[in-house]
Amino acid sequence: MTHAVKFHPGLMLLEQYVEGTLSADVALAVSAHIDLCPHCQQLNNDITNDQAAVLTEQQVSGRNDEQEWNQMLDFITNQPVLAASVITDTKAAPVASVTVNGKTFQIPRALARLAENQNKWLHLGGIATAKLPTAEKQHVSLLYIDKGTEVPNHTHLGLEMTLVLAGRIVDENGEYGVGDLLINSPEDTHTPRTLADEDCLCLSVLSAPLKFKKGLTRLLNPLQQFFY
Amino acid sequence: MLETTVLKRHHDALPKQKRISQRMTINSENETRTGQWEDALTLVALNQDKAAYAELFRYFAPRLRAFGIKMFGNEQQAMEMVQDAMLNVWRKARLFDASRGCASTWIFTIARNVRFDMLRKKQSRKDDISADDLWFDGDYPEQESNSSDHWDTMLMSEKLAPHFDALPPAQRMVMQKVYLEEKSHQEVSDELAIPLGTVKSRIRLALDRLRGALDDTRS
C-alpha cells in the first residue's frame, strides 16, 4: 500500500514547472514529487495540454519573412533523422537507488542521473547529507535522518523544500510520508524529527543557508555549513 | 460573463443529478481520433515525408517564435530555439506516440526543454540539472481514476458562479460550453479547434481551481 501523498506543490508551482520558468533546483524538487504523486502526474498532464493549446491558439502575424523560414526548413529537412536503432524504449522510468547507513533506498527518476554523481555522505550524529552536483548557488542534497533523531530547531534565510523519499518525518505542523513536499519560507521555524522506529530519506533544496536558533544549538551554527 | 441567473436557467430542464453525471464524467474512453498534425507527424516518422513536415513547420514555427520572444525577450534567441526545437521534431518524429497525447503538446514540450537547456548552458556547467532530469518523456503507471472527476453536485450550485470569473479565460470558455451550453466534449473540441484531450484537461483544471476556491470560502 503506497502512502497517499498529502502535501503537494500547488497549482501555481506546477504551472511554472510546466512552463519551465522555475529555477532548476526548485523544479527538480517538483519533478521528483511528481514522480511520486499520481495526483500531480494528472495535473502535470493537464497543465501541459492546456499550455500547449495556448501556444497553438495564439495569432501570429504574417510577417514578410518567407525567405528566412524557407532557409530554416531546408536546413532541417536535410539533416539525418535518428536511426530507428537508437530509439530505445523510453517509456519505463529508470529505477535508481542510494545506499546510506547500510540501507538501500529507491529514489525517483528525476534524481537518478544526479545521484550517480552525488558527493560522498557526510555524517553527523544521526544525520547524513550528500550533495547532488548542481550549479553553484544551488544547494540540492539528499538528507538521511536515522530513527529517533531530531534536527536542531532552525529557520531559513530563504526557501527550504524537503521532499520525503522514504520513511517518515514529523515537525510541529504535521507528519510527512513518501511523496510529501514541505515548503518552508523564511518565517517558518521548525524542528523536524524522525519517529523512534523509522528513519527517513529526503531530498532537500535550500535557496539560502539555514540558521539554527535555539540556545546551545546556536553554538552549532557552523552546522549550517554541513547542511548547506 | 457567467452569472448566477444564467446558471439557474437550466435548472428545470433535466433532473440535476442526471444532467451533471452526463456532463461531468471525464472518462478515458480511449478515443484515438487523430487530427491533421498527428497524421503529419506520423508521415514524417514513417517516410521522412518532407511535404508533411513542411506543413507542420509552417504552422508551428511562427508560433514557437512568438512563444520564444515572450520567454527570451529577444528575436535572436527565439529563432535559435525554434530551429533547435523544429530540428528535434524532424529528427525524433519516431518517438512521437499519438496514443499518448497530441502533436501540439509534444512539440510544446520539446520547445520548452530546448529553451530550458539553452538558458542553463549559458551558465555552462556540465553536471548540472538538465531538461531530461526535470521532464519525464514517458508514461507513469496507469492510475485508477480517482474521485476528483466525480465531485459534481457542488458544481451547479450557485455558490460556484462567482468563481467562474476567476478562471483563466481558456478554461472558463470550455466550462461555459460544457456546463451552460450543454455541449459534448467532442463538440467543444470541434468548435474551439483544440484537441479533445485538451478539453478534458481544461475541465479538470477548472474543477480543481473551483474546488480550491470553494474550500477557501468555507474555511
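The values are calculated or read from the model by the stated rules, or taken from the named source; none is laboratory data. Note that the coordinates shown come from a computational prediction; the quantities given were computed from them, not determined experimentally. Backbone-built Cβ (ideal geometry, glycine too); neighbour counts: all protein chains shown.
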Failed item in (1) within 14 Å of chain B (Cβ to nearest Cβ); (2) touching a residue at least 40 places away in the same chain (Cβ under 8 Å), with A:Ala166 passing the rest: (1)
Quick one: in the stretch B:75-93, which of the residues that are more than 22 Å from the chain's Cα centre (by Cα) and more than 12 Å from A:Pro80 (Cα to Cα) is nearest to the other protein chains (Cβ to nearest Cβ)? B:Gln83
Looking only at the stretch B:167-195, count every residue that is modelled with pLDDT of 85 or more and either crowded, with 17+ Cβ neighbours inside 10 Å or under 23 Å from B:Asp215 (Cα atoms) (or both) and tell me the total. 19
Among the residues of the stretch A:210-220, is there at least one that is at pLDDT below 80 and under 18 Å from A:Asp25 (Cβ atoms)? yes
Counting only residues that are free of Cβ contacts under 8 Å to residues at least 24 places away in the same chain and in a helix (DSSP H, G or I), how many does the stretch B:187-219 have? 11
Just name the residue that is surrounded by the most Cβ atoms within 10 Å (Cβ to Cβ) out of those in the stretch A:18-29 that are assigned to a helix (DSSP H, G or I) and more than 8 Å from chain B (Cβ to nearest Cβ). A:Ala29
What about A:Pro186, is it part of a loop (DSSP other than H, G, I, E, B) and surrounded by 19 or more Cβ atoms within 10 Å (Cβ to Cβ)? no
Considering each residue of the stretch A:1-17, count those that are under 16 Å from A:Ala166 (Cα atoms) and part of a helix (DSSP H, G or I), and give that number. 0
Screening A:Gln16, A:Gln58, A:Gln41, A:Gln51 for residues that are at pLDDT below 90, within 20 Å of B:Thr198 (Cβ to Cβ) and either assigned by TED's automatic domain parsing to the domain that holds A:Arg168 or out of contact with any His (no Cβ under 7 Å at 6 or more places or on another chain) (or both) leaves only A:Gln58
Could you count how many residues in the stretch A:93-109 are at pLDDT 90 or above and either in a strand (DSSP E or B) or over 16 Å from A:Lys120 (Cβ atoms) (or both)? 11
The stretch B:34-84 - residue that is of a type in the set (Ser, Thr, Tyr) and within 21 Å of A:Gln51 (Cβ to Cβ) and, of those, surrounded by the fewest Cβ atoms within 10 Å (Cβ to Cβ): B:Thr34
Check off (1) surrounded by fewer than 17 Cβ atoms within 10 Å (Cβ to Cβ); (2) within 14 Å of chain B (Cβ to nearest Cβ) for A:Ala110 and give me the number that stays unchecked. (1)
Sole miss for B:Gly68 among (1) over 16 Å from A:Gln58 (Cβ atoms); (2) more than 9 Å from chain A (Cβ to nearest Cβ); (3) touching a residue at least 24 places away in the same chain (Cβ under 8 Å) is condition (1)
Residues satisfying the stated conditions in the stretch A:192-209, i.e. at pLDDT 85 or above and assigned to a loop (DSSP other than H, G, I, E, B): A:Pro192, A:Thr194, A:Ala196, A:Asp197, A:Asp199
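Would you say A:Val60 is facing chain B (nearest Cβ under 7 Å), over 14 Å from A:Glu19 (Cβ atoms) and not polar (S, T, N, Q)?
Answer is yes for this residue.
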Please verify whether A:Ile76 is assigned to a helix (DSSP H, G or I), facing chain B (nearest Cβ under 7 Å), β-branched (Val, Ile, Thr) and within 22 Å of B:Ala213 (Cα to Cα), treating the condition exactly as stated. no
